[in-house]
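Readers should treat all values here as calculations from the given coordinates under stated rules, not as data from a laboratory. Keep in mind the model is a prediction, meaning the values are calculated, not measured. All Cβ positions, even for glycine, are placed from backbone atoms using ideal geometry, and neighbour counts span all protein chains on display.
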Amino acid sequence: MRITKYTHACVRLEQDGRVLVIDPGTWSEPDALDGADAVLVTHEHADHIDVLRLAGLGVPVHAPAEADIPRLEVDRVSAGQEFEAAGFRIRAVGGRHAFIYGGQPDCANLGYLVDDAVYHPGDSLHVPEQPVETLLVPVHGSWVKTAEMIDFVKAVAPHRAFAIHDAQLNERGLGSVNGWLAQETDHGYRFLAPGESL
């Protein structure tokens, strides 16, 4: 499976000519969706979903059943549900967005485990029951502390981990986050720049 990181929380998965895109938000590059067969959306915040771009795409978009996403037809998904998207096996886990500072209202948030290998948690630190080969770890936001993300990587115990949710960090901040994660976890952490694949 080829994984390509785009700006912020957007990730593109490709295998055998199939393309699945997760969280193409307003900050991610439009070409993340080129040739997409399906899209997974973890929650309704604009940094994770660009409604206008997706409305004209013409492919299935899967989102939490409780998400408030006007002007876009989506396939509603619930925690615990298993389904197929773009030929990939998907398991939806979690259920709520992490607590946001200042009592801001939370929203429905699902993490997606793709082919029992790649886990995108959206804006949550939900630890799935299943083993995870590749963890996409949120590294910055109004809802996460560095200690929490380190503990999250340790709790999930993946074979490897890559940063997502990083668009608000400058180079110094990103260097600090990357250093902490590499030093404190033993789970193959590596930073992927937007557009970089493995």
With the dipole of the chain defined by +1 on each Lys or Arg Cβ and -1 on each Asp or Glu Cβ, the option from His187, His8, Tyr119 whose Cα lies farthest towards the positive pole is His187
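DSSP loop chymotrypsin sites (Phe, Trp or Tyr not before Pro) in the range 68-107 with at most 14 other Cβ atoms within 10 Å of their Cβ, which ones? The partial results should precede the final answer.
Working: sites: Phe83, Phe88, Phe99, Tyr101; in loops: Phe99.
Those that pass, being in a loop and sparsely packed, are Phe99.
Can you list the trypsin sites (Lys or Arg not before Pro) in the range 113-175 that are in a DSSP coil and have 16 or fewer other beta carbons within 10 angstrom?
Numbers: sites: Lys145, Lys154, Arg160, Arg172; in loops: Lys145.
Sparse-neighbourhood loop trypsin sites (Lys or Arg not before Pro): Lys145.
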Nearest 10 degrees, 0 to 90: helix 146-156 Cα axis against the chain principal axis:
70 degrees
Going fewest to most other Cβ atoms within 10 Å around each Cβ, Met149, Met1 line up as Met1, Met149
Relative contact order of the chain: what whole-number percent is it, with Cα pairs under 8 angstrom and at least 6 residues apart?
18 percent
Once Lys and Arg are counted +1 and Asp and Glu -1 for all other residues with Cβ under 14 Å from that of Leu113, the total becomes -4
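Given R₀ = 35 Å, what would the calculated FRET efficiency be for Ser176 paired with Asp31, taking r from the Cβ atoms and rounding to 0.05? Don't jump to the answer; show the numbers that get you there.
Details: r = 30 Å, r/R0 = 0.85.
After rounding, the FRET efficiency stands at 0.75.
What is the local net charge at Ala157, summed over the other residues whose Cβ is closer than 14 Å to its Cβ (Lys, Arg +1; Asp, Glu -1)?
Numbers: positive: Lys154, Arg160; negative: Glu129, Glu133, Asp151, Glu184, Asp186.
Net local charge, Ala157 excluded: -3.
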Candidates Gly87, Gly95, Gly103: whichever shows maximal mean-square fluctuation once the chain is modelled as a Gaussian network with Cα springs under 10 Å
Gly103
In the range 59-79, which residues have a backbone nitrogen under 18 Å from the label point lying 7 Å from Gln104's Cα in the Cα-to-Cβ direction?
67-69
Rounded to whole angstrom, the alpha-carbon centroid of the range 45-60 lies from that of the range 151-198 at a distance of 26 Å
So which residue, out of Asp123, Asp34, Asp151, gets the largest mean-square fluctuation from a GNM of the chain using Cα contacts under 10 Å as springs?
Asp34
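Once you charge only the Cβ atoms, +1 for Lys and Arg and -1 for Asp and Glu, what is the size of the charge dipole of the range 2-190 about its Cα centre, to the nearest 20 debye? Can you show the working numbers first?
Numbers: 15 positive and 28 negative charges, 56 e Å.
With Lys and Arg at +1 and Asp and Glu at -1, about 260 debye.
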For the chain, longest principal axis from Cα atoms; helix 171-184 axis from its Cα atoms; angle between them, nearest 10 degrees, is 70 degrees
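Which loop trypsin sites (Lys or Arg not before Pro) in the range 1-101, with loop taken from DSSP, have no more than 14 other Cβ atoms within 10 angstrom of their Cβ? Write out the running numbers ahead of the final one.
On the way: sites: Arg2, Lys5, Arg12, Arg18, Arg53, Arg71, Arg76, Arg89, Arg91, Arg96; in loops: Arg71.
Answer in residue order: Arg71.
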Please state, rounded to one decimal and in Å, the Kirkwood hydrodynamic radius that the chain gives when every pair of distinct Cα atoms enters the mean of 1/r.
16.5 Å
